[in-house]
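What follows is a short report on a single structure.
No lab work stands behind these numbers, since they all come straight from the coordinates. Note that the coordinates shown come from a computational prediction; the quantities given were computed from them, not determined experimentally. Neighbour counts run over all protein chains shown; Cβ positions are idealised from the backbone, glycine included.
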There are 6 protein chains.
Amino acid sequence: MAGLDKLLGGGFPAGSSVLVSGACGTGKSLLCLQYLVSGAQAGESGLYVSFEESREKLVEHGKQFGWDIPALEKKKLLQVYFVETDDMGDIIEGVGKRVRDLGAKRLVLDSLTTMMEHGVVYRSRVSRELGKVLSESAGVRFPPEHMEVTRKDVYYIVREVNRMGATSLLISEVAEKSQYLSRDTVSEFAVDGVILLEINSFGGKPERLLSVKKMRGTPVDLRLAILEFTGKGIVLRT
Amino acid sequence: MAGLDKLLGGGFPAGSSVLVSGACGTGKSLLCLQYLVSGAQAGESGLYVSFEESREKLVEHGKQFGWDIPALEKKKLLQVYFVETDDMGDIIEGVGKRVRDLGAKRLVLDSLTTMMEHGVVYRSRVSRELGKVLSESAGVRFPPEHMEVTRKDVYYIVREVNRMGATSLLISEVAEKSQYLSRDTVSEFAVDGVILLEINSFGGKPERLLSVKKMRGTPVDLRLAILEFTGKGIVLRT
Amino acid sequence: MAGLDKLLGGGFPAGSSVLVSGACGTGKSLLCLQYLVSGAQAGESGLYVSFEESREKLVEHGKQFGWDIPALEKKKLLQVYFVETDDMGDIIEGVGKRVRDLGAKRLVLDSLTTMMEHGVVYRSRVSRELGKVLSESAGVRFPPEHMEVTRKDVYYIVREVNRMGATSLLISEVAEKSQYLSRDTVSEFAVDGVILLEINSFGGKPERLLSVKKMRGTPVDLRLAILEFTGKGIVLRT
Amino acid sequence: MAGLDKLLGGGFPAGSSVLVSGACGTGKSLLCLQYLVSGAQAGESGLYVSFEESREKLVEHGKQFGWDIPALEKKKLLQVYFVETDDMGDIIEGVGKRVRDLGAKRLVLDSLTTMMEHGVVYRSRVSRELGKVLSESAGVRFPPEHMEVTRKDVYYIVREVNRMGATSLLISEVAEKSQYLSRDTVSEFAVDGVILLEINSFGGKPERLLSVKKMRGTPVDLRLAILEFTGKGIVLRT
Amino acid sequence: MAGLDKLLGGGFPAGSSVLVSGACGTGKSLLCLQYLVSGAQAGESGLYVSFEESREKLVEHGKQFGWDIPALEKKKLLQVYFVETDDMGDIIEGVGKRVRDLGAKRLVLDSLTTMMEHGVVYRSRVSRELGKVLSESAGVRFPPEHMEVTRKDVYYIVREVNRMGATSLLISEVAEKSQYLSRDTVSEFAVDGVILLEINSFGGKPERLLSVKKMRGTPVDLRLAILEFTGKGIVLRT
Amino acid sequence: MAGLDKLLGGGFPAGSSVLVSGACGTGKSLLCLQYLVSGAQAGESGLYVSFEESREKLVEHGKQFGWDIPALEKKKLLQVYFVETDDMGDIIEGVGKRVRDLGAKRLVLDSLTTMMEHGVVYRSRVSRELGKVLSESAGVRFPPEHMEVTRKDVYYIVREVNRMGATSLLISEVAEKSQYLSRDTVSEFAVDGVILLEINSFGGKPERLLSVKKMRGTPVDLRLAILEFTGKGIVLRT
């Protein structure tokens, strides 16, 4: 994505972990999928880890932009991994193994928000059972708006992802006009970089905007770029 | 609804789940009922699942716009299902069975907010009894403003609805000027699309507005459309 | 009230439940009392259920506007019922019986906010005693600002009121500039209609304003009406 | 106070309970003390109930405006009662007895906020001891910002005060620009009237403002009056 | 401080308790230290009670403005007391004793916020041990932002300070643009006076501002004064 | 940093503790690293304590600005200490020992926010185990947004850091437009100075801004300075 490389002064630093934050409908998943597809087209393998959308739906969405995901999968240039386990240890292990097997240089977690919740609520199979009993009997539940994630959980996940060696995009949900750049309010401090996607509804026609909020080891251009959805995917204008 | 199809670039993608969010009095139920009626008039069957308003009241409201709901029901083109059970498993099963029996291509849940609360608070008949005893004796209650819904609950319901195969409109309550697009703050990330209904009270005459906030697999026109209540139902102007 | 009928396109639909929301001092009780008095003058019986103000004070307030409440009571055209029980079942039963006995076509609950709190906190005589012990010993109390009312409580009360058959005005407390239209944030979604009373303090002379926020089955005029207190009660200008 | 009578259309209705709300430093205590002094000068006895300031300090403050409180006390036209008990029952009883003995027509509670906290936290001598043990050992305390007062507590106190028969001013603390008119968010709905004291700091010289927010049984003038501190007490300009 | 005396109409009333509130960096400690030094220079003894900064640091800071604190200490005109106990009873006793021994007419508590936390969390040596065990094992802690201070704690401390007889300045932390004048939201109602220090960052050069928010028994000038740090301490311009 | 010395009226007072606060991406780590490097270049040893970023990543980032961190480390002018223990006592001891061994005059804690969480949650090895069991079984977790840090914890850490004798920069996370200058809302009151880093996005090109909010013992220039990232590190313009 030419525009993004310009803002970043030459692309994501290799091996860095980058939060892709935005409210609902800002294009986070599309941006990340395109990152993998363009990598694959350039011969760089990528892994898309999905906790929410099925592989079938992703393939379907890709078609719209002329991306033949199954063909890239056959060439081992792309892989979609739909996570079905609840256990954080298993998730980390499963993602790490696929990164190694594929020799993935690019990794997308869709989304970090959902992934964290898995590992946090059902930390191990034993406590999961205990928690279930308690929440069912006493009605004590955790609200999604105030996810009871500890700093340590966030740093643990980011560290494990960094160890996998790929350049990683971590999708992160955030409310409109939030004071922080992630729902857990900690992720943005743990990662190497943060990209924020927004929709500006003031004035005439609403515009999709992208800004780089942070990128360790790279002089960042703080200006807003305009993001457009075209028939071939996202185009950035700065 | 001509105007909506234009914003969406050709209607809802078949089989998608779409949140219809809005504050009180924005026309959510009417929009959804009209979606089913116009489908039925075009020969496409639809199921209206109501947790709040009785079938009689809905029929009454339809008359006002010249919609003969009982006639459509007789032709198996429309069905109103008023849910009277508390058990989430029973709700999902009951809705799924009616979708299959009717061959429904369109489905409305009025509302997802209420449906979730049923399944979440009284998850099973056993824990319901336990919870009842605890809440009655200790006075520990859950406040509606901070519904203790987990992310997993939201994703579970959306997944089950998606499996039913129909294009689904999920009505969702939201406060005016909310930072999120649903009261639980998670639904909008789980569904395929989000439509927001608002009332703009600034300036002269208050206007009803509709905007598409998200639609996976469709290039979305972000502009606001003006929604009008007429004798024949809702009309959209873009 | 001529102005209100105009906004509503012809008065409240018979048998509907309407929330009358507003901050302190906006005239909710007066509007509702006038609704009953004007009904009584037209030969339509009405019941005023008060949880807060005594019958004596209401009679006194009525005099100010030339309303002879005791005379209307004698003709069975009006009845003031001051609730003195804590038990929700008893309240519902007591109100229902009076509606039937009087043949009331109009019903006012002053206020729904207070009524709900009765039924919710002291749900039954047994749990009341238990709750008392717990709250006194452990100091665990419920704050009025975050009333621990469940959605089910709200829907239960509205359903029971609807069953009584009268057109019902439910008085509801709300903070100035609230994001919701009731303190419990759920009532407005459960009822058929919502009327909001406000005071506009910006600019020159403060004005009392009334707006219809929602009315199922009636095309609503969203404009603000100016409400004036006169020697004969409230007058609305649109 | 000529200006206030004008706003109220002729003074406080006899026997009414009026909340005097305002942030710190807005003149609540002075307004109320002046209400009693001017009553006493007109031959109407008044009782000042203080939970915070000692009788000595009040007498001292009165001097500044030329009010000889001890002289009025001797003539049984004024009495300052400093409450030293924690027990709500004792407080109500003690105030009631003094109102009767003095034949007080005017009553000031300085403040309702403090009075409520006494009765609520230490409801009875037995539970007080229990609560003390729990709070000391477990560190579970109630924060002053979210006073755990129930609606019933508020209504109970207001009802008891009303029964005493005097016209009562109830001082109430409130934050600047609060959405409610009392810290407990309920008092303003329970009383007959509300007066709000504010300081307007926008523009040039800060001004002290008074407005009547509510007065049951009296047509209220909603305009702001300017309140001035003079050598003879408060003067209101409308 | 000439400017302050002007705003106050002649200095602090003798024996009054005054809250000095402000955000971080507004000059609260310096203002209070200067109050004691100027008193000492006029022959009036003062006690500075510090819970945070050591005597050495205070002496160092004083030098910058040409104040020789050790010399004033030798003449018994000033004393710095660094509190090292956790027990509220011991703190009150220790401060009271020093006020009496020194014959202090002026007293500074730096800060009331910190002092309250000592007395509140570790009310007695016994409960301190109990609380420690509980908080360590269960991880239940009290957050500094919502200090669980009761109204009674605040009034108790202010009353004890008043009994000591000196004119007291109580330093109080408060957030920028807070709705209340103290972090505990109660102190400002308990004391005789409140002074607020702010920094106005709007427009050109940021300005330090001082305003008197409340002063019982003194006609207050509500205007803002500009506060300047000079080589000789604070200068106020009105 | 010439510009900063100007704002501070001559650099940080020796031995002071200074909070460096800012949202994500404002340059806190870079500013602090540069502070140590420029000290080292002037012959003053410095210790960088990292709880988040590895030594390797820091060395990498330094290269970008032409800083040869390993060379400075060899000359004992700089040391990067990556903390791997959870125990607060061990952390304090480990940092103190390295400060002494290195004869460090400058100290950076990256970050105080993370450091506090370590010491607070896992205060000792015993309670850590207990807390683990409780949080796993009961699902009671502490949210990062409301870190349950006590005032005493904050003051304890700052006091221990002050005892080490070096001039210390304590990195502190804070939300954009926060009312306080640290996430725990207490740190800014405990330290000697506070520097705030912000990004001003209003108007044309976003600007990085630095302001000194507080500096005990130094007359502070309250104006904003513009901070620029250059090939040689940060440059400040006032």
Summed over the other residues with a beta carbon less than 14 angstrom from that of residue C:221, with K and R at +1 and D and E at -1, the charge totals +4
Let me know the mean shielding of B:180-192 by other chains, meaning the per-residue number of their Cβ atoms within 10 Å of its Cβ. 5
Could you pull out the pairs from A:213/B:213; E:232/F:105; E:105/F:152; A:205/F:205 whose alpha carbons sit more than 28 Å apart here? E:232/F:105; E:105/F:152
By the mean-Cβ-within-10 Å protection proxy, highest first, E:28-40, F:41-53 rank as E:28-40, F:41-53
Using a ≥ b ≥ c from the Cα gyration tensor of the stretch F:197-238 (square roots of the eigenvalues), is it rounded, prolate or oblate, where a/c under 1.5 gives rounded and otherwise the larger of a/b and b/c decides, a/b for prolate? oblate
With a cut-off of 8 Å between alpha carbons and a minimum separation of six or more residues, what is the relative contact order of the stretch E:198-238 in percent? 28 percent
How high is the relative contact order of the stretch B:19-78, in percent, with contacts defined as C-alpha pairs under 8 Å that are six or more residues apart? 33 percent
Cβ neighbours within 10 Å from other chains - mean over D:77-86: 0
Label point 7 Å out from residue C:71 along Cα-to-Cβ: which residues of the stretch C:211-238 have amide N under 19 Å? C:231-234
